[in-house]
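Undergrad: Sharing a structure with you now.
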Ligand code: ADP
Ligand code: MG
């Protein structure tokens, strides 16, 4: 009796494989671009028409193929990249399954021209639905050009699943961006419907990021760490360019774009309190691991990889991000330092002082539990607890209680210079106080109000009055005692006790004003915008002379803040004057 099992014809097998490899035109783009990269090209051009459904063409100046390989590469499991199974675990190129071209050819009309350096003529090949139609010699320069036309023309069911041209084009552009980011040294060009939409010169990663995204260079923070197992490099966007969507998150493992929510979360969590709630940071980060330690074979087309030790990579990523941000915001470069002393606030700079020594992520948890801390670094690097109970002494608070703050003095009545646990720090007094107040407001600590002997009335614009009425309860929760007092007029009966010597009317108007700006420009929620505005206006100003005791209290209270290194908008509050940064002045 004949069995029911039979072997599938090669063409059917290829079409089934195509179901996995070729989901949409963007998959073709990805495979062709990756092959061009693997071929050692220095210049790659991508042409598409109608969202890639009528044409995806990639021209490269890479190795090219001789006549034999030009025919072979369309066969299933034809690859120049692995010869035996073990090679899978030691792979340094992007392709490896030898399946892409065979799959693509089975569901489209393909035309290829290719020439290797050794051959004097090029080969032209035409394949329709997996069947070789033409193979001939033609004239061409070294490299390969592959045009994939009418994708899924022979599988109408698949073709009907394609989305609109706009959506497919968007997917293609994403693939293009990812490959262009991963290989900044290669020149890329993208032509859509005959129109050039992107032209990228080969250069540095920073140049590439700036060319691809509307990101300012000064908003990019260098991240660069080498451990025995994983190398980590790339750029982190400053908190101020974080977005409400995850669009700007590019993580690569061994040159391959990966979409890994777990690892992306590790990076975002490394930002700690620097990010507004529900904001996602921009980053372009490359992980380089021993190919034997990373399993790229899981989902070659689905952007998923498996690490042998995912938790380790998670902890590493998180620590590296914290460290890079900490170095950027806390450790001043020489120019930051002179800016700080000569003028004012220390903004983020690109030239980051890299901390000395080899970084071992495993050291961080060890430092965290140390009861007697050696350096303020540890404190600055301590993970920020998400909830804080003011009545309970956290280890952090115990450390601060016993912190040795000495040698304190003021510069220009604006900055505080303090020696903390033997290290020298520069503190922006206004920002420090604003941060302390802001965190108090956040912790909903009851703020004492002091009644005014002579209540004040103020007239507001209609817009401000509406704003006031909406936020009245929140304003009063901050220690104000205010109420409506007729048409567009409010009365101030009491002020937060720490403010009572100031002009109450001015400050309420000022708070409403800043609140409006915070709310509209920073796009943060209203309550937070109000707290920030109140904290800013209630805080001691730059230019105010302080007693030693006042400075000590300020520094002490700052160190107790959940977030003491920067303001909610990412501006530095405290910077460390490292030995190396001081030495640079004398070079
Ligand atoms: P893989 O990339 O997994 O090896 P593909 O089906 O994508 O499988 O490609 C098959 C082979 O064709 C590759 O291994 C390579 O030798 C050759 N090839 C494909 N594209 C190019 C190209 N642009 N330049 C040179 N060789 C190429
Ligand atoms: Mg390939």
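The values are calculated or read from the model by the stated rules, or taken from the named source; none is laboratory data. Please read all numbers here as calculations on a predicted model, not as lab measurements. Positions of Cβ are backbone-derived with ideal geometry, glycine not excepted, and every protein chain shown enters the neighbour counts.
Undergrad: Considering the stretch 150-164 alone, what residues qualify as being over 15 Å from residue 104 (Cβ atoms) and assigned to a helix (DSSP H, G or I)?
TA: Answer for the stretch 150-164, where residues must be over 15 Å from residue 104 (Cβ atoms) and assigned to a helix (DSSP H, G or I): 156, 157, 160.
Residues checked against (1) away from ligand 2 (no atom under 16 Å from the Cβ); (2) modelled with pLDDT of 95 or more; (3) in contact with a strand residue (DSSP E or B) (Cβ under 7 Å, 6 or more places away or on another chain); (4) closer than 23 Å to residue 48 by Cα:
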{"site": "74", "(1), (2), (3), (4)": "no, no, yes, yes"}
{"site": "94", "(1), (2), (3), (4)": "no, no, yes, yes"}
{"site": "103", "(1), (2), (3), (4)": "no, no, no, yes"}
{"site": "125", "(1), (2), (3), (4)": "yes, yes, yes, yes"}
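Undergrad: Another question about this same structure. Output the residues belonging to the stretch 113-138 that are within 11 Å of ligand 1 (Cβ to nearest atom) and crowded, with 24+ Cβ neighbours inside 10 Å.
TA: 114, 115
Undergrad: Go through (1) within 16 Å of ligand 2 (Cβ to nearest atom); (2) in contact with a helix residue (DSSP H, G or I) (Cβ under 8 Å, 6 or more places away or on another chain); (3) modelled with pLDDT under 85 for residue 90 and report which single condition fails.
TA: Going through (1) within 16 Å of ligand 2 (Cβ to nearest atom); (2) in contact with a helix residue (DSSP H, G or I) (Cβ under 8 Å, 6 or more places away or on another chain); (3) modelled with pLDDT under 85 one by one, residue 90 breaks only (1).
Undergrad: Restricting attention to strands (runs of 3 or more DSSP E) lying wholly within the stretch 246-353, give those where 1 or more residues are touching a helix residue (DSSP H, G or I) at 6+ places or on another chain (Cβ under 9 Å) and modelled with pLDDT of 80 or more.
TA: On the way: elements: 249-253, 256-258, 283-289, 294-299, 304-307.
By residue number, 249-253, 256-258, 283-289.
Undergrad: Counting residues that are in contact (Cβ under 8 Å) with a residue 40 or more places away in the chain and more than 30 Å from residue 570 (Cα to Cα), which strands (runs of 3 or more DSSP E) fully inside the stretch 165-242 reach at least 1?
TA: Numbers: elements: 187-192, 195-200, 220-226, 230-237.
Fully inside the stretch 165-242 and qualifying: 187-192.
Undergrad: Another question, if that's okay. Is there any pair linking a residue in the stretch 56-76 that is without any contact (Cβ under 8 Å) to a residue 24 or more places away in the chain to one that is in a loop (DSSP other than H, G, I, E, B) and within 13 Å of ligand 2 (Cβ to nearest atom), with Cβ under 6 Å and at least six apart or on different chains, and which?
TA: If the second residue must be in a loop (DSSP other than H, G, I, E, B) and within 13 Å of ligand 2 (Cβ to nearest atom), the pairs left are 72/78.
Undergrad: Next question, about the same structure. Which of the residues that make up the stretch 50-64 are assigned to a loop (DSSP other than H, G, I, E, B), in contact with a helix residue (DSSP H, G or I) (Cβ under 8 Å, 6 or more places away or on another chain) and within 11 Å of ligand 1 (Cβ to nearest atom)? I'd like the intermediate steps shown before the answer.
TA: Start the filter on the stretch 50-64 by keeping residues that are assigned to a loop (DSSP other than H, G, I, E, B), which leaves 53-54, 61-64.
Narrowing further to those that are in contact with a helix residue (DSSP H, G or I) (Cβ under 8 Å, 6 or more places away or on another chain): 53, 62.
Result: 62, single match.
To keep it simple, each residue is scored yes or no on (1) at pLDDT below 95; (2) away from ligand 2 (no atom under 16 Å from the Cβ).
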residue: 3; (1), (2): yes, yes
residue: 10; (1), (2): yes, yes
residue: 18; (1), (2): yes, no
residue: 21; (1), (2): yes, no
residue: 49; (1), (2): no, yes
residue: 109; (1), (2): no, yes
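A quick yes/no check of all residues on (1) modelled with pLDDT of 80 or more; (2) assigned to a helix (DSSP H, G or I):
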{"site": "506", "(1), (2)": "no, yes"}
{"site": "510", "(1), (2)": "yes, yes"}
{"site": "532", "(1), (2)": "yes, yes"}
{"site": "540", "(1), (2)": "yes, no"}
{"site": "543", "(1), (2)": "yes, no"}
{"site": "551", "(1), (2)": "yes, yes"}
{"site": "587", "(1), (2)": "yes, no"}
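Undergrad: Checking residue 146 against (1) at pLDDT 95 or above; (2) buried (at least 17 other Cβ atoms within 10 Å of the Cβ); (3) more than 16 Å from ligand 1 (Cβ to nearest atom), only one condition comes out false. Which one?
TA: Result: residue 146 passes all but (3).
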